[in-house]
């Protein structure tokens, strides 16, 4: 393990190591950042992009690099969305809350026709990646009319996926709940999110736009007290999710180190010709594969990020 640590320490300052960890097209992301990013090395840039969201263009589009997968994550702020009647002060108002990452959020006063739509160019996302889109919101203490079933839609490349029985609030009458009902979950940042749908972005070239929607235009009951922060797109994860209420994030750095040691010990018992390439390289002094270093970097930085 000490040899691995020495290998990481010897390369972590060099741009040649950190460059492949940055997302494709990162130069454009840096150019669009507001305020401009302050970094002196590719390592600093990597942590600028992965530590917390940065803002692009007019400040209503946020970007963050998912450290586990290395994929791009975006959130479209409410100002970037198309919300029915959003500019009519009788129905919606724009306001600021310290709990939001964006300067303004859209606050529902009273409306019966609730339609929230957003879109993003596919070329902005990581290629060959399954993405999940979420509506991110809060509700006020005097909210009402939000516990009715709605419909969500994700439309990409001619494929439209619709989901019925999607709720912003759980109905109080549990007897009307159905097995396929979809309810929101609380994120680690305190906001709520409801899944709009998922899609596969097969490449990072211009393949059109992904359209996402939340619509409740059937019951037409009066609704109020919804605070819309935006729509977030992040890679689908089969293991962990930074906002999932079902994942336990209590691993310590020492536990992860022990897991790596135990994994290496058990796999090293194999004949060298049958060992994974990363383990073969581990036995060669001074040689570490990029994929192996990436795995170690993610495991070590998941809870205690490398800092100088």
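Here are a few things to note about the model shown:
- Yes/no for residue 225 being in a strand (DSSP E or B), farther than 24 Å from residue 71 by Cα and in the same structural domain as residue 129 (by TED's automatic domain parsing): yes
- With respect to being assigned by TED's automatic domain parsing to the domain that holds residue 185, part of a loop (DSSP other than H, G, I, E, B) and modelled with pLDDT under 95, residue 98 fits the description.
- If you go through region 103-138 and keep only what is in a loop (DSSP other than H, G, I, E, B) and in contact with a helix residue (DSSP H, G or I) (Cβ under 7 Å, 6 or more places away or on another chain), you end up with just 104.
- Of all residue pairs spaced 6 or more apart or on separate chains, those with beta-carbon atoms under 9 Å, a first member in region 174-197 that is modelled with pLDDT under 90 and a second member that is surrounded by 12 or more Cβ atoms within 10 Å (Cβ to Cβ) and assigned to a strand (DSSP E or B) are 178/165; 180/163; 180/164; 180/165.
- Answer from 83, 54 - the residue that is more than 19 Å from the chain's Cα centre (by Cα) and either in contact (Cβ under 8 Å) with a residue 12 or more places away in the chain or outside the structural domain of residue 141 (by TED's automatic domain parsing) (or both): 83
- Here residue 167 fulfils each of the conditions (1) surrounded by fewer than 16 Cβ atoms within 10 Å (Cβ to Cβ); (2) out of contact with any strand residue (DSSP E or B) (no Cβ under 6 Å at 6 or more places or on another chain) apart from (1).
The values are calculated or read from the model by the stated rules, or taken from the named source; none is laboratory data. What you see is a predicted model, and the numbers here were worked out from it, not measured in a lab. Virtual Cβ from ideal backbone geometry, glycine too; neighbours counted across all protein chains shown.
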